[in-house]
Amino acid sequence: MNYSLEIFADYHQFYLMDGEEQADYPSEITELDCSNMAKIAPYIVAVYTTRNTTVPVNVRISNSDPGINFDLWDHIVECSIAVPSGRLVVLGCTDYLPEAQRLEMLSGTYQARICYGNLDTISVNCLDGTDHYAVDLWQGQMQKLQVIKQWENAPYL
């Protein structure tokens with residue numbers, strides 16, 4: 001399943017979260033989180049963006065690891081997320097949760113690969129650019145967040 005979304009990344013972030021579990025939004029963001037451009041907590045992944053406005057996000061749910069072309073992306077993070085409800089919510093941090101987009105999937109634990117593209121195209125005011133984001137999800141085991149490819153201009157490097 002493939003979903004092309006437009007998400008309002010207010011405060012430079014959007015979330016992937018289970019549709020029913022009570023997820024604690026990450027309130028403390030460290031320099032390492034900014035450098036990683038993501039943070040995980042139970043039932044939620046916070047994705048940090050370079051633009052502070054609506055961004056394109058492609059979400060692909062697969063049966064297995066779909067692979068990746070590292071040359072196409074500036075920054076890549078892998079982690080996992082539990083989705084026991086079988087509904088993944090994708091929303092900006094100021095979106096109204098009951099009205100947020102819900103993606104149907106099998107319940108379980110998913111590997112997540114978050115890819116960040118065209119990050120160097122962002123204007124000084126962080127409102128214009130052609131940055132885009134892709135999220136690949138496939139069933140797997142819980143794992144810690146790890147940066148697979150580091151964007152050299154990530155904050156706090």
Flag for Leu103 being among the aliphatic types (A, V, I, L, M), closer than 19 Å to Tyr48 by Cα and either in contact with a Ser or Thr (Cβ under 7 Å, 6 or more places away or on another chain) or assigned to a strand (DSSP E or B) (or both):
no
Just for region 109-129: of the residues that are modelled with pLDDT of 95 or more and either exposed (fewer than 13 other Cβ atoms within 10 Å of the Cβ) or of a type in the set (Ser, Thr, Tyr) (or both), which one is nearest to Asp71 (Cα to Cα)?
Tyr116
Conditions (1) charged (D, E, K, R); (2) buried (at least 20 other Cβ atoms within 10 Å of the Cβ); (3) at pLDDT 95 or above; number of the one not met by Arg51
(3)
Any residue in region 55-76 that is surrounded by 13 or more Cβ atoms within 10 Å (Cβ to Cβ), in contact with a strand residue (DSSP E or B) (Cβ under 7 Å, 6 or more places away or on another chain) and either free of Cβ contacts under 8 Å to residues at least 24 places away in the same chain or over 25 Å from Ile148 (Cα atoms) (or both)?
no
Enumerate the pairs (first residue in region 1-30 and over 17 Å from Thr94 (Cα atoms); second residue anywhere and surrounded by fewer than 13 Cβ atoms within 10 Å (Cβ to Cβ) and modelled with pLDDT of 95 or more) with beta-carbon separation below 6 Å, excluding pairs fewer than 6 apart on the same chain, so at least 6 apart or on different chains.
none
Selection count where residues are surrounded by fewer than 15 Cβ atoms within 10 Å (Cβ to Cβ) and not small (Gly, Ala, Ser), scope region 82-108:
8
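The values are calculated or read from the model by the stated rules, or taken from the named source; none is laboratory data. Just so it is clear, the model here is predicted, and its values are computed rather than measured. Note that we place each Cβ from the backbone using ideal geometry, even for glycine, and neighbour counts take in every protein chain shown.
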